[in-house]
Amino acid sequence: MHQVNRAIIMAAGVGKRMQPVTLETPKPLVLVNGIRMIDTVIRGLHENGIYEIYVVVGYKKEQFECLVKENPDITLIENPYYEDCNNISSLYVAREYIENAIILDGDQMIYNSNILSPEFERSGYNAVWTQEPTNEWLMTVENGIVTHCSRTGGSRGWQLYSISRWTAKDGRKLRGHLETEFEKKKNIQLYWDDVVMFCYPQEYELGIRQMNAGDLVEIDGLEELAAIDGSYSKYIKGE
């Protein structure tokens, strides 16, 4: 078994799909039923003994300074590319910390901290078995190993969620691939997950960490936010 020693939280994005709420507040710092989204992530990491935390910031970066005051073990890493590049740029600027790390987004609500457990057998993503059709990324798993990933979804597969763990060996490999794609090839509009799943799939032998629907909630847009916290219904057209 491998052990997570640190965490990288991705929190640099503008959050356009949640405007106008995010015009003043970065998405991870938006309150959901009185709790900032990123606080559920940090609390979940702490409950699993993970205190070395790097938060990648960009949009309204100064607002994240409060996290460092509240949690001295948190380090902010600035992503100067966030306005023009996809999230490959965020992991690129944090690439020296990928070894033995858990990588996750700051704009989600963690309701079951067990899904952030530090022990893992293989590098790979948290996933939920999906019987019904979905448009989300869907993985095929055979004998515990990911053999295929569909960007356009499907049915009867393992839906990929934005929590992943990386061994030291795979972390070094991923760092090199990020440098190749971002620095040399200038593929600045990739999701960083594309690097693993579609650019170099033959270089990794990934597993999954099974979890249940409801263990976390990814809030992508304003309507999803309003569905969870009714105080935001005023921003929905017609309400």
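The values are calculated or read from the model by the stated rules, or taken from the named source; none is laboratory data. Everything numeric in this text was worked out from a predicted model, so none of it was measured. Counting neighbours? That spans all protein chains shown, and the Cβs are built from the backbone with ideal geometry, glycine included. SASA here: full protein model, heavy atoms, side chains in, ligands and nucleic acids out. Shrake-Rupley method; radii C 1.70, N 1.55, O 1.52, S 1.80 Å.
Shown is the FRET efficiency for residue 148 and residue 117, computed with R0 = 35 Å from the Cβ-Cβ distance and rounded to the nearest 0.05: 0.85.
Express the relative contact order of segment 105-226 as a whole percentage, based on alpha carbon pairs under 8 Å and six or more residues apart in sequence. Computed over segment 105-226, the figure is 38 percent. The stretch between residue 14 and residue 70 holds 17.8 nm of extra length on full extension. This uses 0.36 nm per residue minus the Cα-Cα distance. The gain in end-to-end length when the residue 84 to residue 132 segment is fully stretched comes to 13.8 nm, 0.36 nm per residue minus the alpha carbon separation.
Number of Lys-Lys pairs in the chain with C-alpha atoms under 16 Å apart and a separation of 8 or more places or on different chains: 7. Could you state, as a whole-number percent, how many of the C-alpha pairs of segment 108-201 are farther apart than 24 Å? Tail of P(r) above 24 Å: 27 percent of Cα pairs. Over the chain, accessible surface divided per residue gives 48 Å², non-protein components excluded, 1.4 Å probe. Helical content of the chain, expressed as a calculated mean residue ellipticity at 222 nm, amounts to -4500 deg cm²/dmol (DSSP H runs of 4 or more residues, -39,500 (n - 2.57) each, divided by residue number, nearest 500). The relative contact order of segment 26-151, computed from alpha carbon pairs under 8 Å that lie at least 6 residues apart in sequence, is 26 percent.
Indicate, rounded to the nearest 5 percent, the antiparallel portion of the DSSP beta bridges found entirely in the chain. Of those bridges, close to 55 percent are antiparallel. Note on segment 1-106: the alpha carbon radius of gyration divided by the globular reference 2.2 N^0.38 Å gives 1.03.
For the peptides 145-153, 217-225, 38-46, residues were scored by their other Cβ atoms within 10 Å and the scores averaged per peptide; the highest-first order is 38-46, 217-225, 145-153. In terms of the Cα gyration tensor, with a ≥ b ≥ c the square roots of its eigenvalues, is segment 171-230 rounded because a/c is under 1.5, prolate because a/b exceeds b/c, or oblate? Because a/c hits 1.5 or more and a/b fails to exceed b/c, segment 171-230 counts as oblate.
Expressed as a whole percent, the accessible area of the chain that falls on carbon and sulfur atoms is 43 (1.4 Å probe).
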